[in-house]
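The values are calculated or read from the model by the stated rules, or taken from the named source; none is laboratory data. Remember, predicted model here, so these are calculated numbers, not experimental data. Note: ideal-geometry Cβ built from the backbone for every residue, glycine included; neighbour counts use all protein chains shown.
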Amino acid sequence: MNGSEPLSQLKLIPYAEFLKQGRLVAFPTETVYGLGASAWNPEAVAQIFAVKGRPNDNPLIVHVNSIDMVKEFAETIPPRARLLMQKFWPGPLTLIFKKKAGVLDAITAGLETVAIRMPDHPTALSLIELTGALVAPSANKSGRPSPTKASHVTEDFGSSIPVIDGGECQLGLESTVLDITVNPPLILRPGYISAAQIHHHCGFIPQEHNESKSENATEAPKSPGMKYSHYAPKARVYWLYDVDMGDSSDRRGFFSAGKNDLIITHTPKGAENIKAGRKRIHYHGDYARMARELYDWFRKADHDNHTGIGIEAFPKDIESISSGEPAGALINRISKAAGVR
Ligand code: TXA
Ligand code: MG
């Protein structure tokens, strides 16, 4: 699925040996680069938390290359999961199963459930063929934007982590996380695979997770990762509106965009609204490209010392954006980077 040539299995052997020895290797997937470790090696899994600076209560996704491999981790495979795997795997959909006894506690952060996905990337699939299942969070330091290029991984970890270079990730946003242990299934993290697509292909409507509700202090968050600040560059990310938004730090009118800010727009109106002299990127409604490039712009903005990144707010009626578009996931990631609650 990725544009660049997949690495031959032969070239992957040294990386696979590293992983089998309990070391970490970053590898490309169709969403973002993953920081891989053998799913059966407790020291390697512990290393992931250490090098990322990741809180121990944030569980990891197990990456597999077959449904047989799912059976090593999931207690049962409900019919609904079979249908979802058949329709969307390999692809950007992570499923939450009841975990099987023996799955490392560090992977699940002590939960009774385990997250599993089959990435749609030939290099990732070949690597897993050689190593067995790999746990892999996004290969960034905790709180930084996810890496969509090999150079982003090196930027965060230096040369201490070997990176298998697969070029730019095709999708650029992390997978949809769907909890199928509850009824109706619940989307814990929006991604490329939307509720509408799941409904269309599988005939049931998943619930969409209301983060602000579950993140209040009295209720344990369903997806631990979503409570942490994420995806944020150093530059201040904020939404841009047609109208004056007062002195809110995460929402501004176009006319209050900072002089030294990077401005990202996607509608004709947004393109018109940009004041001269600003560094600007316009996506002409191409949300797939915007998703692919968003995290790269976050990092570039920091290199170029932009103080802020203003991103045009999405039209209210995002239903008008076709269902294959990752608008919902974009809104989620940008809102998190902007610190909008
Ligand atoms: O696209 C992706 O999913 C990428 C690539 C590398 O596969 N991986 C990724 O991993 O984004 P990470 O660790 O950055 O995010 C995993 C998310 C977190 O929000 C975590 O809390 C959630 O999945 N998660 C993992 N296990 C879970 C579980 N058992 N129950 C609920 N949420 C879980
Ligand atoms: Mg991550």
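Restricted to the stretch 233-273, the set of strands (runs of 3 or more DSSP E) holding at least 3 residues that are surrounded by fewer than 21 Cβ atoms within 10 Å (Cβ to Cβ) comprises 236-241.
I'd like to know if the stretch 218-229 contains one or more residues that are hydrophobic (A, V, I, L, M, F, W, C), modelled with pLDDT of 95 or more and within 19 Å of the chain's Cα centre (by Cα).
Let us first name the residues in the stretch 218-229 that are hydrophobic (A, V, I, L, M, F, W, C), namely 220, 226.
Applying the additional criterion that residues be modelled with pLDDT of 95 or more yields none.
No, every residue in the stretch 218-229 fails to be hydrophobic (A, V, I, L, M, F, W, C), modelled with pLDDT of 95 or more and within 19 Å of the chain's Cα centre (by Cα).
Does Asp165 satisfy the criteria of being surrounded by fewer than 18 Cβ atoms within 10 Å (Cβ to Cβ) and either in contact (Cβ under 8 Å) with a residue 60 or more places away in the chain or not in a loop (DSSP other than H, G, I, E, B) (or both)? The answer is yes for Asp165. Within the stretch 49-89, the residues that satisfy the criterion of being closer than 26 Å to Lys141 by Cα and touching a Lys or Arg at 6+ places or on another chain (Cβ under 7 Å) are Lys52, Gly53, Ile61, His63. Can you find a residue that is modelled with pLDDT of 95 or more, in contact with a Gly (Cβ under 8 Å, 6 or more places away or on another chain) and crowded, with 18+ Cβ neighbours inside 10 Å anywhere in the stretch 106-116? Scanning the stretch 106-116 turns up no residue that is modelled with pLDDT of 95 or more, in contact with a Gly (Cβ under 8 Å, 6 or more places away or on another chain) and crowded, with 18+ Cβ neighbours inside 10 Å.
So, of the residues in the stretch 25-34 that are more than 14 Å from Glu129 (Cβ to Cβ) and buried (at least 24 other Cβ atoms within 10 Å of the Cβ), which turns out to be farthest from ligand 1 (Cβ to nearest atom)?
Keep residues of the stretch 25-34 that are more than 14 Å from Glu129 (Cβ to Cβ), which gives 25-26, 28-34.
When the remaining residues are screened for being buried (at least 24 other Cβ atoms within 10 Å of the Cβ), the result is 25-26, 28-29, 31-34.
Numbers: Val25: 12, Ala26: 9, Pro28: 9, Thr29: 5, Thr31: 3, Val32: 5, Tyr33: 7, Gly34: 3 Å.
Only one residue tops the list, namely Val25.
Counting the residues of the stretch 132-149 that are near ligand 2 (Cβ under 9 Å from one of its atoms) and outside any loop (DSSP other than H, G, I, E, B) gives 1.
The residue list Arg117, Arg189 contains one member that is within 25 Å of Val237 (Cβ to Cβ), touching a strand residue (DSSP E or B) at 6+ places or on another chain (Cβ under 8 Å), of a type in the set (Lys, Arg) and within 11 Å of ligand 1 (Cβ to nearest atom), which is Arg189. Residue count for the stretch 99-113 satisfying the condition of being more than 8 Å from Pro59 (Cα to Cα), outside any loop (DSSP other than H, G, I, E, B) and in contact (Cβ under 8 Å) with a residue 24 or more places away in the chain: 2.
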